[in-house]
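Here's the structure we're looking at; comments come further down.
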Amino acid sequence: EPEVTQTPSHQVTQMGQEVILRCVPISNHLYFYWYRQILGQKVEFLVSFYNNEISEKSEIFDDQFSVERPDGSNFTLKIRSTKLEDSAMYFCASSERGQLNYGYTFGSGTRLTVV
Amino acid sequence: GEDVEQSLFLSVREGDSSVINCTYTDSSSTYLYWYKQEPGAGLQLLTYIFSNMDMKQDQRLTVLLNKKDKHLSLRIADTQTGDSAIYFCAERRSSASKIIFGSGTRLSIRP
């Protein structure tokens with residue numbers, strides 16, 4: 001069964017450093033998403049991406065965040081200057097236009113720890 | 001506004017049925033989902049229901065939707081130890097909008 005792949009599975013970074021979280025969505029999917037889950041809290045929407053541009057973003061997704069699809073397969077989330085409160089599990093997801101249930105396929109997540 | 005609420009914990013005996021409840025506030029929600037998250041893993045879509053349906057059954061899973069009360073439930077029949085996980089209720093207004101998740105219900109199974 002096709003999978004969404006995220007790397008790395010765990011990243012530790014110092015406060016103020018830039019991080020790039022990588023995702024390979026399912027190959028025929030056209031819609032891409034980033035969500036995050038702070039430990040013990042809700043899964044929160046960050047951003048959706050379609051046709052090489054952001055289609056929707058949340059209040060969390062401020063100027064410190066950016067997304068990119070640098071080639072035909074990768075979808076990245078960059079955090080420019082990490083803060084302690086950015087520590088969370090970050091999930092990438094993708095979906096296919098016309099998918100009957102309109103559900104997403106999620107990756108296993110990247111656990112980001114900011115120290 | 002958009003909000004999805006669930007109780008945080010549920011403990012059931014192995015072999016019994018589990019019922020996980022969820023309420024949502026957005027009356028225009030069109031798609032409602034249940035996702036499962038096992039320890040250290042991502043979110044797995046378990047089942048979904050459209051808002052024009054009242055019930056959906058898929059093997060051991062039964063989803064009930066009360067649109068008037070904006071209440072969604074997931075029943076797991078014959079609960080097994082492998083069902084231990086966090087279960088997230090989620091809703092989506094349209095195919096073009098984002099999915100909104102609840103806080104998740106941690107299901108634990110006792111022997």
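Read the figures in this text as sums done on the coordinates, not as results from a lab. Keep in mind that what you see is a predicted model, and the values were worked out from it rather than measured. Reconstructed Cβ throughout: ideal geometry from the backbone, glycine too, with neighbour counts over all protein chains shown.
A few comments on the model shown:
- Tensor-based shape of the protein assembly as shown (alpha-carbon gyration tensor, a/c under 1.5 rounded, otherwise prolate or oblate): prolate
- Residue-by-residue Karplus 3J(HN,Hα) for the range B:32-38, coefficients 6.51, -1.76, 1.60, Hz, glycine and proline x: 10, 10, 10, 10, 10, 10, 8
- Contact order relative to length of the range B:31-111, as percent, for alpha carbon pairs under 8 angstrom and 6 or more apart: 28
- Modelled FRET efficiency - R0 35 Å, B:Lys67 with B:Phe9, Cβ distances, 0.05 increments: 0.85
- A Cβ-based charge dipole, computed about the Cα centre of chain B with Lys and Arg at +1 and Asp and Glu at -1, lands at about 100 debye.
- Amide hydrogen neighbours beyond the local backbone of B:Thr47, cut-off 5 Å, H modeled: B:Trp34
- Among A:Lys57, A:Lys83, A:Lys42, the largest mean-square fluctuation in a Gaussian network model of chain A (Cα springs under 10 Å) belongs to A:Lys42.
- Residues with amide H under 5 Å from that of A:Leu46, placed H, sequence gap 5 or more: A:Trp34, A:Tyr35, A:Arg36
- Relative contact order (%) - chain A, alpha-carbon pairs under 8 angstrom, separation at least six: 38
- The simple Förster model, with R0 at 35 Å and r as the Cβ-Cβ distance, assigns B:Arg75 and A:Ser58 a FRET efficiency of 0.65.
- Annotation for the range B:1-67 versus the range A:28-72: alpha-carbon center distance of 24 Å.
- Hits among lysines - C-alpha to C-alpha of B:Lys70 under 23 Å, sequence gap 8 or more where chains match: A:Lys42, B:Lys36, B:Lys56, B:Lys98
- Rounded to the nearest whole Hz, the Karplus-based 3J(HN,Hα) values (6.51 cos²θ - 1.76 cosθ + 1.60, θ = phi - 60°) of the range B:4-15 follow the sequence 10, 10, 9, 6, 7, 9, 8, 10, 9, 7, 3, x, with x at glycine and proline.
- A straight Cα-to-Cα reach below 18 Å connects A:Lys57 with the aspartates and glutamates A:Glu44, A:Glu68, A:Asp86, B:Glu2, B:Asp3, B:Glu91, residues fewer than 8 places away in its own chain not being considered.
- Shown is the FRET efficiency for A:Leu39 and B:Asn52, computed with R0 = 41 Å from the Cβ-Cβ distance and rounded to the nearest 0.05: 0.65.
- Across the range B:100-108, computed HN-Hα scalar couplings (Karplus, 6.51 cos²θ - 1.76 cosθ + 1.60, θ = phi - 60°) run 10, 9, x, 6, x, 10, 7, 9, 10 Hz from first to last residue, x flagging Gly and Pro.
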